[in-house]
Amino acid sequence: MFIIVVGGGKVGTYLTRGLLKQQHEVVVIEKDPKKAQMMTNLLETDVAIVGDGCDPNVLSSAGIARADVVVADTGDDEDNLVTILIAKKFSKARCIARVNNPKNKLIFESLDTENPVTVISSTEIILSHIDDKLNALNLEPLGRVGKGDLELVQLSIGTDSPARGKRVAELDLPRGCIVVAVDHHGGDVVIPNGDTTIAAGDDVIAMIKRDARTEVCTALIG
């Protein structure tokens with residue numbers, strides 16, 4: 001495939017190295033001549049064009065019309081957006097954009113519903129890994145609902161749990177949490193009401209909002 005990468009920083013350099021190893025044809029557009037030269041020296045091949053990836057003429061000279069993939073990988077979301085808009089206009093390439101501010105993700109995703117832009121947010125990736133670590137320590141996700149904002153989770157009640165011995169109605173749960181079942185180990189799984197008592201050794205199955213995890217863990221695990 002022929003791939004255009006806009007942005008010759010560290011990420012762009014390592015990405016280009018990987019693509020070249022996979023035998024892809026790659027052209028990198030980089031504003032800073034020093035960065036472009038550093039990339040050439042590091043990769044030991046001349047793949048960099050010095051220019052502005054927001055300039056249609058620069059993209060045209062790089063071969064945008066025949067590109068299979070365009071990667072907008074600068075540190076500026078606005079520049080990445082302009083690059084993708086130009087790529088959408090002058091090519092049929094698959095577009096991939098790096099987003100530094102997660103709030104801008106929706107803008108990129110709404111550009112083309114038929115051939116959507118693949119948006120990569122490093123901030124969200126890191127947050128997701130942190131969330132997964134939290135799950136690994138405290139929660140046992142059973143599934144996600146909709147876009148992942150709601151999760152079905154299972155929490156084990158220990159002897160030091162603040163929920164031990166309390167009725168469901170007495171639990172200090174956030175609004176983003178509904179207890180849907182209680183497994184009283186021994187095969188007795190019940191759909192609880194406000195008078196159902198939580199005991200040590202129980203598993204509580206709850207539907208929670210993703211952003212309520214910490215509060216739910218505090219209320220049920222401690």
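Only the coordinates and a few stated rules stand behind these numbers; no lab work does. Since the structure is predicted, the reported quantities are computational estimates derived from the model, not experimental observations. Every residue, glycine as well, gets a Cβ built from its backbone with ideal geometry; the counts of neighbours run over all protein chains shown.
Which whole-Hz ³J(HN,Hα) couplings does segment 165-171 yield from phi under the Karplus relation 6.51 cos²θ - 1.76 cosθ + 1.60, θ = phi - 60°, glycine and proline marked x?
Those phi angles translate into x, 9, 7, 3, 5, 8, 5 Hz.
Amide H neighbours of Asp202 under 5 Å, at least 5 residues apart or on other chains, H built in the peptide plane: list them.
Ile157
What's the FRET efficiency of Ile125 with Asp195 using the Cβ-Cβ distance as r and R₀ = 30 Å, to the nearest 0.05?
Given R0 = 30 Å and the Cβ-Cβ separation, E is 0.10.
Please arrange Ser156, Ser61 by how many other C-beta atoms lie within 10 Å of their C-beta, fewest to most.
Ser61, Ser156
How many percent of Cα pairs in segment 7-79 exceed 16 Å?
44
Counting other Cβ atoms within 10 Å of each Cβ, which trypsin sites (Lys or Arg not before Pro) in segment 1-104 have at most 16 and sit in a DSSP loop? Let's see the in-between values first.
Details: sites: Lys10, Arg17, Lys21, Lys31, Lys34, Lys35, Arg66, Lys88, Lys89, Lys92, Arg94, Arg98, Lys103; in loops: Lys31, Lys92.
Answer in residue order: Lys92.
Which of the peptides 204-215, 172-183 is most tightly packed, and how do the rest follow, going by the mean number of other Cβ atoms within 10 Å of each residue?
The densest-packed peptide leads the list: 204-215, 172-183.
Treating each Cα of the chain as an identical point scatterer and ignoring solvent, apply the Debye formula and state log10 I(q)/I(0) at q = 0.10 Å⁻¹.
Summing over Cα pairs of the chain leads to -0.62.
Enumerate the calculated ³J(HN,Hα) couplings along segment 34-49 in order (Karplus 6.51 cos²θ - 1.76 cosθ + 1.60, θ = phi - 60°), each rounded to whole Hz, writing x wherever the residue is Gly or Pro.
5, 5, 4, 5, 4, 5, 4, 5, 5, 8, 6, 7, 8, 10, 9, 10
For Ile29, what residues show an amide H to amide H distance below 5 Å, using hydrogens built from the backbone and excluding near sequence neighbours?
Val5, Val6, Gly7, Ile49
Taking amide hydrogens as modeled 1.01 Å from N in the peptide plane, which residues meet the under 5 Å criterion relative to Cys95, leaving out close sequence neighbours?
Val70, Thr118
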